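One structure is given below, encoded as structure tokens.
The values are calculated or read from the model by the stated rules, or taken from the named source; none is laboratory data. Remember, predicted model here, so these are calculated numbers, not experimental data. As a convention, Cβ positions derive from the backbone with ideal geometry for all residues, glycine included, and neighbour counts pool all protein chains shown. Note: areas computed on protein heavy atoms with side chains; ligands, DNA, RNA excluded. Shrake-Rupley method; radii C 1.70, N 1.55, O 1.52, S 1.80 Å.
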Amino acid sequence: KIKDAIKKILHLNSKPGSCMSDSASKTSQDIIKDFILEDNEGILEVSLNSRNTPELRISRTYSEMLENYAASKSKSTSVQKEAVSFVKQKLDSAKWFIDAIKQRQNTLLVTMNAILEYQKEYFDEGDETKLKPMILKDIAENTGLDISTISRVANSKYVQTHFGIIPLKFFFSEGLQTESGEEVSTREIKKILQDCIGNEHKRRPLTDDKLAEILQEKGYHIARR
């Protein structure tokens with residue numbers, strides 16, 4: 001019965017939702033979150049996705065081998081000494097690799113926490129209009145890391161929030177000064193434009209001049225072009 005069931009299961013589509021795709025040839029890639037943002041009694045906390053960062057350990061077997069060698073070093077043959085030397089070299093490489101992974105994890109957390117602190121108002125509600133202008137240099141200065149390092153972290157990394165999974169590069173945007181002198185993110189302006197176009201009469205769409213006028217009424221001096 002089990003064999004018959006397995007035979008039948010192997011002929012089934014492992015991705016049944018794919019038939020609902022707009023195009024049969026269209027392929028999609030699953031997004032794997034790198035960070036998880038959780039609300040712990042009003043305090044936002046960031047953690048790394050443990051599935052992406054398994055715990056690495058040195059094999060106790062090889063560690064004990066070196067300890068035993070140190071205890072009977074005078075009685076070891078040349079072959080044993082050579083083998084132990086090889087193991088020690090590999091253990092040192094493994095320790096270096098583990099340290100490098102831990103350093104990378106620390107860099108990721110430091111960067112994400114800096115973004116969280118910088119965009120605190122946005123993360124509280126998920127409102128795009130709350131996003132502040134932020135460039136790579138801002139986070140680099142806050143963390144003491146190089147701009148190129150921040151760029152690598154922001155590229156192709158995602159954070160899971162209570163309002164969706166978002167790419168880190170989403171939080172970076174240029175700034176624009178309003179009529180009152182306040183610095184706002186260009187994403188805030190794009191959101192206003194999106195809302196205007198989404199609510200417009202489809203047979204009488206808003207003109208570029210009208211959109212520019214609406215923005216100016218809100219204090220954003222944007223040229224029609």
Of those in region 153-164 that are surrounded by 14 or more Cβ atoms within 10 Å (Cβ to Cβ) and not hydroxyl-bearing (Ser, Thr, Tyr), the residue nearest to residue 103 (Cα to Cα) is 153
Flagged in region 107-129 as within 15 Å of the chain's Cα centre (by Cα) and surrounded by fewer than 16 Cβ atoms within 10 Å (Cβ to Cβ), in numbering order, are 109
How many residues of region 84-122 are among the charged types (D, E, K, R) and within 17 Å of residue 60 (Cα to Cα)? The answer is 4
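Yes/no per residue for (1) touching a strand residue (DSSP E or B) at 6+ places or on another chain (Cβ under 6 Å); (2) over 19 Å from residue 114 (Cα atoms); (3) among the polar types (S, T, N, Q); (4) at pLDDT 80 or above:
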{"position": "135", "(1), (2), (3), (4)": "no, no, no, yes"}
{"position": "143", "(1), (2), (3), (4)": "no, no, yes, yes"}
{"position": "157", "(1), (2), (3), (4)": "no, no, no, yes"}
{"position": "194", "(1), (2), (3), (4)": "no, yes, yes, yes"}
So, first residue in contact (Cβ under 8 Å) with a residue 24 or more places away in the chain in region 37-61, second residue open to solvent by 90 Å² or more (accessible area, probe 1.4 Å) and assigned to a helix (DSSP H, G or I), Cβ within less than 7 Å, six or more apart or across chains; the pairs are 58/95
Just to be sure before I move on: is residue 183 modelled with pLDDT under 90, among the acidic types (Asp, Glu) and surrounded by 14 or more Cβ atoms within 10 Å (Cβ to Cβ) in the structure I sent? no
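Out of 151, 93, which single residue is in a helix (DSSP H, G or I), among the polar types (S, T, N, Q), farther than 19 Å from residue 174 by Cβ and modelled with pLDDT of 85 or more? Walk me through it before giving the result.
On the way: 151 fails: farther than 19 Å from residue 174 by Cβ.
93 is the lone residue from the list that is in a helix (DSSP H, G or I), among the polar types (S, T, N, Q), farther than 19 Å from residue 174 by Cβ and modelled with pLDDT of 85 or more.
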message: Condition check: surrounded by 12 or more Cβ atoms within 10 Å (Cβ to Cβ), basic (Lys, Arg) and assigned to a helix (DSSP H, G or I). Does residue 102 satisfy that?
response: yes
Filter region 130-151 for residues that are surrounded by fewer than 16 Cβ atoms within 10 Å (Cβ to Cβ) and of a type outside the set (Asp, Glu); the one that is farthest from residue 222 (Cα to Cα) is 144
